[in-house]
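Chemist: Take this structure first; my questions come after.
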Amino acid sequence: MKFFKQFLKSPKETAAVVSSSKEMSKLIADMADLNSKRCVVELGPGTGAFTEEILSQVDPETLFFCLEINREFVSETKRRCPDATVYHASATDIGKYLAKNNRQRCDCIISGLPWALLDSSLQEELLDSIYNSLDEGGVFLTIAHITGLLFPPGRRFQKLLDMKFSEMSRSNIIWGNVLPGFIYRCTK
């Protein structure tokens, strides 16, 4: 219900009426190969569906933190995942929060951001921040809903990923998600 209320308040920030399914959360964490990562950043954790799965797979010595722009979602993720570090901040501030944690770059970024709802300039600004925050060979994983590919912003986002990253692949569609979707996995 929290997700739906937040969606009604700000659809661009929330993107979905419910959080991602357990199957989608497990898939994105599995595709990230988290046990080999030293620094993982999650963008837009929402109510913590991905966060919970990331915490179950990431090595305890790995630096892991989340950036969430919605204050209520920050509180909900902290409640659901008390071991997670969740900053109330924009995803464009990745570099600032890496520096706060004595890092210049990370080797994995996982995103639940609503790419198909963002205008082209914000898509590009966010992708630049993500790309510049990744180590060489680092991976970026993000959810995409199949409905987003019906609209120009979703198709534009797919083209931006293909242009920016050296490798890009897609998972199979998870039909059991409330909004069926898949995962993009990109390598710098």
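The values are calculated or read from the model by the stated rules, or taken from the named source; none is laboratory data. This one's a predicted model, so the numbers in the text were calculated from it and none came from an experiment. No Cβ is skipped: glycine too gets one built from the backbone with ideal geometry, and neighbour counts run over all protein chains shown.
Chemist: Which number in (1) out of contact with any helix residue (DSSP H, G or I) (no Cβ under 8 Å at 6 or more places or on another chain); (2) assigned to a loop (DSSP other than H, G, I, E, B); (3) not small (Gly, Ala, Ser) marks the one condition that residue 47 misses?
Modeler: (1)
Residue-by-condition table, conditions (1) under 14 Å from the mean Cα position of the chain (by Cα); (2) in a strand (DSSP E or B); (3) β-branched (Val, Ile, Thr):
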site	(1), (2), (3)
109	yes, yes, yes
116	yes, no, no
132	no, no, no
138	no, yes, no
141	yes, yes, no
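Chemist: Quick check on my filter: what residues within the stretch 56-84 are free of Cβ contacts under 8 Å to residues at least 60 places away in the same chain, polar (S, T, N, Q) and surrounded by 13 or more Cβ atoms within 10 Å (Cβ to Cβ)?
Modeler: If the condition is that a residue be free of Cβ contacts under 8 Å to residues at least 60 places away in the same chain, polar (S, T, N, Q) and surrounded by 13 or more Cβ atoms within 10 Å (Cβ to Cβ), then 57, 62, 75, 77 are the ones that fit.
Chemist: Step by step: first the residues of the stretch 158-173, then only those that are of a type in the set (A, V, I, L, M) and out of contact with any strand residue (DSSP E or B) (no Cβ under 6 Å at 6 or more places or on another chain), then the one that is surrounded by the most Cβ atoms within 10 Å (Cβ to Cβ). Which residue is that? Full working, then the answer.
Modeler: We begin by selecting, within the stretch 158-173, every residue of a type in the set (A, V, I, L, M); these are 160-161, 163, 168, 173.
Restricting the remaining residues to those that are out of contact with any strand residue (DSSP E or B) (no Cβ under 6 Å at 6 or more places or on another chain) gives 160, 163.
Values: 160: 17, 163: 9.
The selected residue is 160.
Chemist: What number of residues within the stretch 1-38 are modelled with pLDDT of 95 or more, under 14 Å from the mean Cα position of the chain (by Cα) and either closer than 23 Å to residue 96 by Cβ or in a loop (DSSP other than H, G, I, E, B) (or both)?
Modeler: Summing the residues that are modelled with pLDDT of 95 or more, under 14 Å from the mean Cα position of the chain (by Cα) and either closer than 23 Å to residue 96 by Cβ or in a loop (DSSP other than H, G, I, E, B) (or both) in the stretch 1-38 gives 1.
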